[in-house]
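Working notes, beginning with the structure itself.
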Amino acid sequence: MGLAQNVVFGLVTGSYIAIAAIGFTLIYGIVNMINFAYGEFITIGAFVGILASGTLSLPLPIAALVAMVGGGLVSLVLARGFFTPINHTGPVPLLLTSIGLGLALRNAVRLVAGRGARYFDTSATTYRFEGLPDLPVGSVDLLGNLFVTSLQLVVVGSAVAVFLLLYTLLTRTDVGIAMRALADDEDLARVRGIDTQRVRDSVWMLAGVLAGLAGVLIGIQTNVSAGIGFSFVLQILAAAILGGAGSPYGAIAGSYVIGLVLALSTAFLPSGMTGISSAIAFLVLVIVLLVKPSGIAGREVREA
Amino acid sequence: MSVVDRLPGGEGERAALIGGACVLMAALFALTPLVVALPSALYVFFEVAILYAVYGLLVLGLNLQYGHTGLINFGHVVFFAAGGYTVAMLSAQNPFAGIGLGYPWVAALVAGVLVAALLGALVGATSLRLRDDFLAIATLATAEIFHTLFVNFRGIFGGNVGLSGIPQPIAALATDGDTTLLATLLFFGGCVAFTFAAVRRLTDAPYGRVLRAVRADELVARSLGKSAFSYKMQAFVYGAALAGLGGGLFALYSGAVAPGFFTLQVTVTVWIGMLLGGAGSHRGVLAGLAIIMGLRLLSRFALDVTPVSASAFASIRLIVIGMILVAIVRYRPAGIWGNAEELGVDS
C-alpha cells in the first residue's frame with residue numbers, strides 16, 4: 001500500500017476527529033472547561049443513530065440528523081444538570097466532574113446496550129484508482145494504487161460542510177458572534193448585553209450536535225460500542241490542544257495532523273508495532289504542550 | 001497511666017510506631033515457623049486490603065502533589081507502573097516474554113523507586129510550568145504513551161501478558177499461603193504507616209507551609225523568595241517515588257506485572273479516594289480511599305446475593321463511583337475530612 005492510500009485514510013480519520021474536536025474546543029473556549037465526558041456524548045449520539053437507523057429503519061441521512069438532534073439535547077440536559085451549576089468554580093472542578101460523569105455515562109450505556117459492537121447497515125461503492133505509477137523512495141512507495149469508498153467521501157464531505165456552516169455561524173449570525181465575544185472576554189460580553197448563559201447553552205447544544213454527527217460517522221467507519229467515544233477522546237483532546245485550545249479553526253488543522261500521524265505511523269512502523277501509533281499521537285501532543293503550548297493558533301496557556 | 005498516654009504525642013510519631021509494630025509482626029510471621037490459618041471467606045478481604053495498602057502509598061504521594069502543592073497529576077499510574085516494571089525487569093527469572101535480568105529483589109526495589117522518581121523529574125521538568133488543567137492533560141498523555149509501549153513492546157515489557165517470574169520474597173520466607181497473606185498485609189500496612197509518618201512530618205514542617213503557599217498563590221510564594229518551580233518539582237518527585245515504591249512492592253507481592261494492572265482506572269480510583277476523603281489531609285485521603293476500595297469489597301459480596309450478572313454489576317459499581325465523584329465536587333469540594341478554607345474552595 002502506497003503513501004497516497006494512507007493519506008486518504010488519514011484524511012478520513014482527521015475528518016471525524018475534526019468534527020468532534022470543534023465541539024470539544026468550543027466548550028473549552030467558551031465554558032472554559034476540558035470536557036472529558038465528551039467521548040460519551042459521541043457514544044450516545046452514535047447509539048441514537050443506531051436506534052434510528054436500526055430499530056426505526058430510517059434512512060441513514062435521516063438517522064444522522066436524529067442523532068445530531070439527540071446529541072444536542074443530551075448535551076444540553078447534561079450541561080444544565082452537571083456543569084452549569086458549578087460554572088463559577090473554575091476549570092479543575094469542572095474537569096473532575098466531567099471525568100466522573102463520563103465514567104458513569106460510559107457504564108450506563110454499557111449496562112443498557114451490552115458489551116457487543118453494533119454496526120450501521122451501510123452499503124459502500126468503492127472507487128479504485130488502478131494503474132497509478134509507483135514512486136518508490138527507499139522502501140516507501142509514495143504513490144501506488146489507491147481506493148476511496150463512498151462512505152469515506154461521505155465522512156470527508158460532512159466535515160467540509162460542517163466547516164463551512166461553522167464559519168457562517170461564527171461570522172454571520174448573532175449567536176455565533178456572541179460566542180466569539182464570550183470566548184474573548186466574558187465580562188465585556190456581558191457589558192454589551194449578551195445573555196452569557198444563553199450563549200453557553202447554545203454552545204453546549206452545538207457541541208452535542210457535532211458529537212452526534214461524529215458518533216454516526218465513526219460508527220459508519222468502524223462500529224458502535226459503549227467505549228467508542230472514550231477511545232477517541234484523547235485523540236480529540238490532542239487535536240484540540242494541538243490546534244490551540246479554544247480555536248475551532250486550529251482544531252480542524254490539529255485534527256488532520258493527528259489523523260495523518262495516526263495513519264502514516266500505522267503504515268510505516270514495522271509490523272507488530274502498529275499499536276504504538278496512538279502513542280505517537282500523544283507524543284505529538286506532549287511535544288506541542290512543551291514547545292508551543294498555545295498550539296497552532298491559540299492563546300498562551302503557560303502561566304506567569 | 002495507661003500505655004496509650006505514654007505514646008508519643010504527634011500523629012506522625014504514632015503512625016511510625018504502628019508501622020514498626022506491623023513490620024515486626026510481619027517479620028515474626030515470615031521468619032519463624034509460626035503459621036496462621038485464615039478462614040477462606042476472608043481471602044477476598046485480605047486481597048483487597050493488600051491492594052488498599054499499595055494504593056495507600058499512591059494516594060499519599062498524590063496528596064503531597066495535589067492536596068499540598070496543587071499539582072494536578074492525572075498520570076499517577078505511570079509512576080506506579082514504572083516502579084512495577086523496573087522491579088519486574090531487573091529481578092524476574094526467565095519470564096515468559098520480555099526482559100528478566102534476575103538481579104536480587106532488594107536492588108530491584110531500590111532501582112524501581114529511583115526510576116519512578118527520575119521519570120517524575122523528567123515529566124516535572126517539562127510540564128510543571130503548564131497551567132493546572134494542561135498539566136493534567138500532559139500527565140494523562142504520558143501515562144497513555146507508556147501504557148501503549150508496555151502493550152506493544154513484547155520483547156521488552158512482555159506485551160499484554162506482561163512479565164512473570166518475579167521473586168516473591170515474603171512468600172518464599174513464610175511457611176504457607178495463609179501466613180504469606182497475613183505477613184504481606186502487615187508489612188505493606190507498616191510501609192503505609194511509615195510513609196504516613198514521613199509525609200506528615202514533611203508537611204508539618206515549614207517546608208509543608210511553603211508547599212501550601214505555592215498551592216494557594218504561586219505569586220505570593222515567589223515574592224517571598226521561594227522558588228515555586230523547585231518546590232513543585234520536589235513535591236512531584238516525592239509523589240512519583242512513592243508511587244514507584246507502591247509499584248515495586250506490588251510486583252514483589254503478585255510475582256507478575258501486566259498492562260492490565262496499570263490502567264487509567266488506577267489513577268481514577270486514587271483520585272476519587274483522595275477527593276472523597278479530603279485532599280490535604282493525610283488521614284482523610286487514606287480514609288477516602290478506604291471507602292472507595294470498601295465499595296469494591298462490598299460489591300464482591302453483594303454480587304453473590306443479587307440476581308444481576310457480574311459484568312452488569314461492575315458497570316453499576318462504576319456508575320456509583322462516577323456519581324460519587326460528581327457529588328463530592330459539587331456538594332463537598334473539600335471532601336469529608338478536608339479543610340475547605342485551606343483548600344480555597346467554597347463548600
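The values are calculated or read from the model by the stated rules, or taken from the named source; none is laboratory data. Just so it is clear, the model here is predicted, and its values are computed rather than measured. Cβ coordinates were reconstructed from backbone atoms using ideal geometry, including for glycine residues, and neighbour counts include every protein chain displayed. Note: accessible area is taken over every heavy atom of the protein model, side chains too, but ligands, DNA and RNA are not part of it. Shrake-Rupley method; radii C 1.70, N 1.55, O 1.52, S 1.80 Å.
Has the stretch A:167-180 got at least one residue that is in contact with a Pro (Cβ under 8 Å, 6 or more places away or on another chain), assigned to a helix (DSSP H, G or I), modelled with pLDDT of 90 or more and not charged (D, E, K, R)? The answer is yes, given that some residue of the stretch A:167-180 is in contact with a Pro (Cβ under 8 Å, 6 or more places away or on another chain), assigned to a helix (DSSP H, G or I), modelled with pLDDT of 90 or more and not charged (D, E, K, R).
With respect to (1) assigned to a helix (DSSP H, G or I); (2) open to solvent by 10 Å² or more (accessible area, probe 1.4 Å), the lone exception for A:Thr25 is condition (2).
Within the stretch B:297-318, residues that are more than 9 Å from chain A (Cβ to nearest Cβ) and within 18 Å of B:Phe45 (Cα to Cα) sit with their Cβ atoms under 6 Å from residues that are of a type outside the set (A, V, I, L, M, F, W, C) and not in a loop (DSSP other than H, G, I, E, B), at 6+ positions apart or across chains, in these pairs: B:Ser299/B:Arg317.
If you go through the stretch A:103-121 one residue at a time, do you hit one that is more than 22 Å from A:Ala20 (Cβ to Cβ) and away from chain B (no Cβ under 14 Å)? Looking through the stretch A:103-121, at least one residue is more than 22 Å from A:Ala20 (Cβ to Cβ) and away from chain B (no Cβ under 14 Å). Screening the candidates A:Val216, A:Val233, A:Val261 for the property of being modelled with pLDDT under 90, of a type in the set (Val, Ile, Thr) and within 13 Å of the chain's Cα centre (by Cα) yields one hit, A:Val233. Quick one: is B:Leu38 of a type in the set (A, V, I, L, M) and either within 13 Å of the chain's Cα centre (by Cα) or open to solvent by 40 Å² or more (accessible area, probe 1.4 Å) (or both)? No. Residues considered: B:Thr175, B:Thr179. Of these, the only one that is more than 23 Å from the chain's Cα centre (by Cα) and buried (at least 22 other Cβ atoms within 10 Å of the Cβ) is B:Thr179. Condition check for B:Leu185 on (1) at pLDDT 90 or above; (2) closer than 26 Å to B:Gly70 by Cβ; (3) not hydroxyl-bearing (Ser, Thr, Tyr): one failure, at (2). For B:Val270, the conditions (1) open to solvent by 30 Å² or more (accessible area, probe 1.4 Å); (2) modelled with pLDDT of 90 or more; (3) among the aliphatic types (A, V, I, L, M) all hold with the exception of (1). Restricting attention to the stretch B:188-207 and to residues that are among the hydroxyl-bearing types (Ser, Thr, Tyr) and within 14 Å of B:Thr69 (Cα to Cα), the residue that is surrounded by the fewest Cβ atoms within 10 Å (Cβ to Cβ) turns out to be B:Tyr207.
Taking the criterion of being open to solvent by 20 Å² or more (accessible area, probe 1.4 Å) and more than 13 Å from A:Ala214 (Cβ to Cβ), the only residue of the stretch A:231-244 that qualifies is A:Leu234.
To keep it simple, each residue is scored yes or no on (1) touching a residue at least 12 places away in the same chain (Cβ under 8 Å); (2) open to solvent by 20 Å² or more (accessible area, probe 1.4 Å); (3) facing chain B (nearest Cβ under 9 Å); (4) outside any helix (DSSP H, G or I).
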site	(1), (2), (3), (4)
A:Val261	yes, yes, no, no
A:Pro270	no, yes, no, yes
A:Ser277	yes, no, yes, no
A:Leu283	no, yes, yes, no
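Candidates B:Ala141, B:Ala117, B:Ala107: the one that is under 20 Å from the mean Cα position of the chain (by Cα) and more than 14 Å from chain A (Cβ to nearest Cβ) is B:Ala117.
Screening B:Phe80 against (1) modelled with pLDDT of 95 or more; (2) closer than 30 Å to B:Arg283 by Cβ; (3) more than 13 Å from the chain's Cα centre (by Cα) leaves a single unmet condition, (3).
Among the residues of the stretch A:40-74, the ones that are open to solvent by 30 Å² or more (accessible area, probe 1.4 Å) and either outside any helix (DSSP H, G or I) or free of Cβ contacts under 8 Å to residues at least 40 places away in the same chain (or both) come to 10 in all. Do we have any residue at all in the stretch B:57-75 that's of a type in the set (Val, Ile, Thr) and in a loop (DSSP other than H, G, I, E, B)? Yes - at least one qualifying residue is present in the stretch B:57-75. In the stretch B:48-61, what count of residues is obtained for those that are closer than 12 Å to B:Ala183 by Cα and open to solvent by 30 Å² or more (accessible area, probe 1.4 Å)? The number of residues fulfilling the criteria is 0. Listed conditions (1) within 14 Å of A:Pro248 (Cα to Cα); (2) of a type outside the set (S, T, N, Q); (3) more than 22 Å from the chain's Cα centre (by Cα); (4) at pLDDT 90 or above are all met by A:Phe163, apart from (3). Within the stretch B:123-134, at least one residue is in a loop (DSSP other than H, G, I, E, B), touching a Phe, Trp or Tyr at 6+ places or on another chain (Cβ under 8 Å), open to solvent by 40 Å² or more (accessible area, probe 1.4 Å) and within 8 Å of chain A (Cβ to nearest Cβ). The set of residues in the stretch A:109-131 that are open to solvent by less than 90 Å² (accessible area, probe 1.4 Å), in a loop (DSSP other than H, G, I, E, B) and at pLDDT 70 or above comprises A:Gly114, A:Gly116, A:Ala117, A:Phe120, A:Thr122, A:Ala124, A:Thr125. Filtering the stretch B:208-237 to residues that are assigned to a helix (DSSP H, G or I) and open to solvent by 50 Å² or more (accessible area, probe 1.4 Å) leaves B:Arg209, B:Arg212, B:Arg215, B:Ala216, B:Leu219, B:Val220, B:Arg222, B:Ser223, B:Phe229, B:Gln234. Applying a threshold of 8 Å to beta carbon distances and a minimum spacing of six or more residues, or different chains, the list of pairs starting in the stretch B:217-236 at a residue that is away from chain A (no Cβ under 13 Å) and ending at one that is in a helix (DSSP H, G or I) and loosely packed, with under 15 Cβ neighbours inside 10 Å reads B:Met233/B:Ala125.
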